[in-house]
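One structure is given below, encoded as structure tokens.
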Amino acid sequence: MGKRHDSMVTEFKTLVLGASIKPERYSYRAVVQLNNKNIEVVPMGIVEGQIDSIPIIKPFEPLNKIHTVSLYLAPNRQQAYYDYLIDLKPQRILFNPGTENAELAQLLNQAGIRWENACTLVLLSTDQYQT
């Protein structure tokens, strides 16, 4: 059973886009690790289910106060989310390995949204996520 909002760090509230119910997937591991570090996490994916008792929400659900978006979608599947991501106005977007996208990065630059090519799991394991 995952920890919930009573002790969650909401200032780094993270949307994991491309969340999977398969434990071997990195998106699944990212949700678990964020939750274990008491960082509020919102998994979003096309498959219904849950990760550590956290329900996966459907794509394009309205959200607010998202600090970080951690991308786990291949670049060719990201285009449908461009406007959604920009409208979220997150503090940063993390392009996990394999999700790097120069077109989206340019749009984020124009919108004043910080982005980086970085692995969420590495940032968490090296205590660099909350910097």
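Laboratory data are not the source of any read-out in this text; all were calculated from the coordinates shown. Small disclaimer: the values here were computed from a predicted structure and weren't measured. So basically every Cβ, Gly included, is an ideal-geometry build from the backbone, and we count neighbours across all protein chains shown.
Relative to the longest principal axis of the Cα atoms of the chain, helix 26-36 runs at roughly 50 degrees. Computed 3J(HN,Hα) for the range 102-114, one whole-Hz value per residue from the Karplus formula 6.51 cos²θ - 1.76 cosθ + 1.60 where θ = phi - 60°, is 5, 5, 5, 4, 5, 5, 5, 4, 5, 8, x, 9, 5, glycine and proline marked x. Here the dipole of the chain is about 160 debye; that uses its Cα centre as origin and unit charges on the Cβ of Lys and Arg (positive) and Asp and Glu (negative). Mean projected area of the convex hull spanned by the Cα atoms of the range 29-131, taken over all viewing directions: 6.3 nm².
To check you understand DSSP bridge types, tell me what percent of the beta bridges within the range 5-125 (both residues inside) are antiparallel, rounded to 5. Of those bridges, close to 10 percent are antiparallel. From helices alone, the chain scores -7500 deg cm²/dmol at 222 nm; the rule is -39500 (n - 2.57) for each run of n ≥ 4 DSSP H residues, then divide by the residue total.
Just add up the charged neighbours of Gly49: K/R +1, D/E -1, any other residue whose Cβ is under 14 Å from the Cβ of Gly49.
Working: positive: Lys22, Arg25, Lys58; negative: Glu48, Asp52.
Once positives and negatives cancel, what remains is +1.
Filter the cross-link list Lys13/Lys89; Lys37/Lys58; Lys22/Lys65 down to pairs whose alpha-carbon distance in this structure exceeds 18 Å. Lys37/Lys58; Lys22/Lys65, as the Cα separations exceed 18 Å there. Projecting label points 7 angstrom from Cα along Cα→Cβ for Glu24 and Leu107 puts them 3.2 nm apart.
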